[in-house]
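Encoded as structure tokens, the structure appears first; notes follow it.
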Protein chains: 2
Amino acid sequence: MTNKLKKNLPCDDNCPVKASLDLLSGKWTLMILFQINNNVMRYGELKRAVTGISEKMLIQELNKLVENKLVSKKAYPEIPPRVEYRLTELGMKTLPIVDKLAEFGQENLVHN
Amino acid sequence: MTNKLKKNLPCDDNCPVKASLDLLSGKWTLMILFQINNNVMRYGELKRAVTGISEKMLIQELNKLVENKLVSKKAYPEIPPRVEYRLTELGMKTLPIVDKLAEFGQENLVHN
């Protein structure tokens, strides 16, 4: 499929790989989608799950993901406030990409 | 598989998704791998194929890809000099990731 797409489509703004990367190529973007996965996650859980991300970067990334309709955010009017994140239908469709990243890392990079 | 990995592995330095993203998450990295694909490509061809990338960024990215053993570079002692790039065995293994990016973009982002 890669070859077919490559021959049919130049790598300009109509290139599907470029379109996906515009949305997903941030250092943390796919990692956050991977961590949310099929779960409903509170902000604090996500902060602990994505090791090494700063508070500022996580908030920025989550806002971008919500804006791009990959993640939905629900805030409950409680004290203390509870905010939950889950993948949208579109966000769920990124999981096969994450699966392939996981496979590649597992087979080639991580020492078991 | 995503779920299985998620439950088994925390997202620290042993996380396969993190390991893959450390190598591949640059804005242009997967795009360059996608363009080289199964081909042998000269520098000039690559420059034309990856629309919008600057000369400096392309050279920097190619050096990083060579250093990370995803791409091999062969320079021929000709006048003018000829430099060719192709994917290594490891680089070829990133193509399933690119395929999924292409699928996601094709189905959800690009207007046909």
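Every number here is computed from the coordinates shown, using simple stated rules; none is lab data. From a predicted model like this one, the values you see are computed outputs, not experimental measurements. FYI the Cβ positions are ideal-geometry reconstructions off the backbone, even for glycines, and counts take in every protein chain you see.
Would you confirm, using the coordinates I've provided, whether B:Val98 is assigned to a helix (DSSP H, G or I) and under 27 Å from A:Leu95 (Cβ atoms)? It is true that B:Val98 is assigned to a helix (DSSP H, G or I) and under 27 Å from A:Leu95 (Cβ atoms). Among the residues of the range B:73-111, those that are charged (D, E, K, R) and within 17 Å of A:Gly105 (Cα to Cα) comprise B:Glu89, B:Lys93, B:Asp99, B:Lys100.
Evaluated against (1) over 16 Å from the mean Cα position of the chain (by Cα); (2) assigned to a loop (DSSP other than H, G, I, E, B); (3) more than 8 Å from every other protein chain (Cβ to nearest Cβ), A:Asp12 falls short on exactly one condition, (3). Within the range B:34-46, not a single residue is outside any helix (DSSP H, G or I), over 10 Å from the mean Cα position of the chain (by Cα), facing chain A (nearest Cβ under 7 Å) and without any contact (Cβ under 8 Å) to a residue 40 or more places away in the chain. Going by what's in this entry, would B:Glu67 be described as away from chain A (no Cβ under 14 Å) and either under 13 Å from the mean Cα position of the chain (by Cα) or of a type in the set (Phe, Trp, Tyr) (or both)? Spelling it out, B:Glu67 is indeed away from chain A (no Cβ under 14 Å) and either under 13 Å from the mean Cα position of the chain (by Cα) or of a type in the set (Phe, Trp, Tyr) (or both). All conditions but one from (1) in a loop (DSSP other than H, G, I, E, B); (2) buried (at least 16 other Cβ atoms within 10 Å of the Cβ) apply to A:Leu65; the one that does not is (1).
Residue pairs whose Cβ atoms lie under 7 Å apart, sitting 6 or more positions apart in sequence or on different chains, and linking a residue in the range B:50-77 that is farther than 13 Å from B:Leu23 by Cβ to a partner that is charged (D, E, K, R) and in a helix (DSSP H, G or I), are B:Leu58/B:Lys47. It is to be established whether one or more residues within the range A:51-61 are in a helix (DSSP H, G or I) and within 22 Å of B:Leu101 (Cβ to Cβ). Yes, the conditions are met somewhere in the range A:51-61. Residues that are polar (S, T, N, Q) and under 12 Å from B:Leu24 (Cα atoms) were ranked within the range B:68-112; the one that is surrounded by the fewest Cβ atoms within 10 Å (Cβ to Cβ) is B:Asn68.
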